[in-house]
1. Restricting attention to the range 439-460, which residues are in a strand (DSSP E or B) and either free of Cβ contacts under 8 Å to residues at least 24 places away in the same chain or surrounded by 13 or more Cβ atoms within 10 Å (Cβ to Cβ) (or both)?
2. Any residue at all in the range 425-433 that is open to solvent by less than 80 Å² (accessible area, probe 1.4 Å), out of contact with any His (no Cβ under 6 Å at 6 or more places or on another chain), modelled with pLDDT of 85 or more and hydrophobic (A, V, I, L, M, F, W, C)?
3. Kindly provide the set of residues from the range 345-364 that are more than 17 Å from A324 (Cα to Cα), among the charged types (D, E, K, R) and over 23 Å from the mean Cα position of the chain (by Cα), ordered by number.
4. Check whether at least one residue in the range 117-125 is under 24 Å from R47 (Cβ atoms) and of a type outside the set (A, V, I, L, M), and report yes or no.
5. If I ask for residues that are β-branched (V, I, T) and surrounded by 19 or more Cβ atoms within 10 Å (Cβ to Cβ), which ones from the range 120-134 would you list?
6. Any residue at all in the range 84-98 that's surrounded by 19 or more Cβ atoms within 10 Å (Cβ to Cβ) and more than 30 Å from H23 (Cα to Cα)?
7. Can you confirm whether the range 184-200 contains a residue that is open to solvent by 50 Å² or more (accessible area, probe 1.4 Å) and under 23 Å from L292 (Cα atoms)?
8. From the list S53, S5, S34, pick out the single residue that is open to solvent by less than 20 Å² (accessible area, probe 1.4 Å) and not hydrophobic (A, V, I, L, M, F, W, C).
Amino acid sequence: MTYISLYRKYRSQTFEEIAGQNHITTTLKNAVGSGRITHAYLFSGPRGTGKTSTARILAKALNCEKGPTPDPCNECHICDSITRDLLFDVIEIDAASNRGIDDIRDLKEKVRVPPVEARFKVYIIDEAHMLTREAFNALLKTLEEPPPKVIFVLATTEPQKLPLTILSRCQRFDFRRIPPRTIREHLSDIARSEKFEVEPEALDLIVHTADGSMRDAISLLDQLVSYSGGDVSTEHFLDVAGAVRGGEAADFLSALIDGDAARGFRFLDGFFQEGKSAALFLRLFLEHLRDLYFLKAGIEPGEGVGARRNGDGALKAQAERLSAGSIVEMMDEASRVEERIRWENYPRVVLEIMMVKLLHSLNREKAGAETAMRREKAAVEKSRPAERPPETPPPEQPGEDTLPEIAGEITIGLIRRRWNHFLAGFKKQYLPTCIILSFGFPHSLENDTLTLAYDRDHQFHKEQMTEPANAEKVESALDGYFGKPLKLKVRSIENIEGGRVPKKAPEPPAPAGGRNLSIIDMIHETFPGSREV
């Protein structure tokens, strides 16, 4: 007896059996039940989500000997013939191989022939986006005003490639990727019916690889059963699919974080020696970076096999060593390579180039952080009062930790004079944020808004300071230090009117009225109430 593949054997035969598309099947059932049938439908969506199966079920519902009915019997001659693809009045056309104008002209001639056995003549045009422009033009008039008792169903994975003139003449239904839970339950039902076992982890890997496609999931399960001769294990999946193990993306990222280029190259060498899929690895790497970003931002991931599958412990260790900006930068580079690698003859070289770029980016950020820490340390050391000889007791005078209380109006001059002292205290609470803050300079104060300027060499730190978490910490510290709520605004130097930001605080303005004050008088005006100088 000829073997029937699992996908064909368990293909949906009623609207209720179409998985994950209730928004479509309910509408079609109601339309058939009320007789509101249109002459042209467009079924669009990812592969393996039930487009062609739904079209065949619609043909059964319209032509069942007990119908038209939203619940075809699947027992009468018409339903059985459609199931076995033997009914003359239901015609499936592969537009990928019948895409020319001559093929459509032939269809236009045949469409005039009335149904022979069925109530309606149904044309199912699969991969409709593959038709040529001339073929679409030839089809247009027929699609707009088909002969009586003729219905068209166009199925496509790329509806954006169809002309607007075609789209406007069809009732459109968008099929969605099938949720992982639905695919997992359906595969489990198939395994029970076929009397074989599938390890839970292997089942998860099959669902994850299928990426929302029920057909891909069932086909892969069928392949694994043939390979194993029965029960399916995780090792069977890894052998057949050339798949990446769960922790390999994390191991690769650890090599990058450590700056260990040799370990990264060894990883890729072993990866390709085992014949694994570069495209699948990039997908898992992107998912790992996504999980890192979720953890960093305090976001709970949604449903999905890949979500934090490596455990929060391993993710937290890596998240603590990476900034949100570096994670986003790596995601951007990996997604760009993922688009490119599909068409590459030498994916290994592409992955190695990506690795070198990511290493360089992480090393540049690490060097910037170390430089910032050195600058901060030097600034703190410079701001400390000079030590007096041990035999002379130091007088009580205002130093970095004993500056006089802030009184009167808060000005940009006051903020600049106090900036190093403010940073020294802020560092004790939020060292990482203080490092980012130290690259900026207080530029101006208007309407209780302090503008912090960054030069062109520190745009990365500027972007980090715009993150709400960092800005809130600085604003809270400013309020506590200066005794007045201040909002923080971050700008680049070239975006601020007036040119470059001064590297040091400007000299205090000349006294009003041309008074010639001594240095002692100026100090008393600057620090009112101070006794010692």
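The values are calculated or read from the model by the stated rules, or taken from the named source; none is laboratory data. Everything numeric in this text was worked out from a predicted model, so none of it was measured. Positions of Cβ are generated from backbone atoms using ideal geometry, with glycine treated the same way; all protein chains shown enter the neighbour counts. Surface areas here come from the heavy atoms of the whole protein model, side chains and all, with no ligands, DNA or RNA. Shrake-Rupley method; radii C 1.70, N 1.55, O 1.52, S 1.80 Å.
1. Start the filter on the range 439-460 by keeping residues that are in a strand (DSSP E or B), which leaves 441-446, 449-454.
Matches in the range 439-460: F441, P442, H443, S444, L445, E446, L450, T451, L452, A453, Y454.
2. Looking for residues that are open to solvent by less than 80 Å² (accessible area, probe 1.4 Å), out of contact with any His (no Cβ under 6 Å at 6 or more places or on another chain), modelled with pLDDT of 85 or more and hydrophobic (A, V, I, L, M, F, W, C), one finds at least one in the range 425-433, hence yes.
3. R348
4. Yes: the range 117-125 contains one or more residues that are under 24 Å from R47 (Cβ atoms) and of a type outside the set (A, V, I, L, M).
5. Within the range 120-134, V122, I124, I125 meet the criteria.
6. There is no residue in the range 84-98 that is surrounded by 19 or more Cβ atoms within 10 Å (Cβ to Cβ) and more than 30 Å from H23 (Cα to Cα).
7. Within the range 184-200, none of the residues are open to solvent by 50 Å² or more (accessible area, probe 1.4 Å) and under 23 Å from L292 (Cα atoms).
8. Step by step, each of S53, S5, S34 is checked, and only S53 is open to solvent by less than 20 Å² (accessible area, probe 1.4 Å) and not hydrophobic (A, V, I, L, M, F, W, C).
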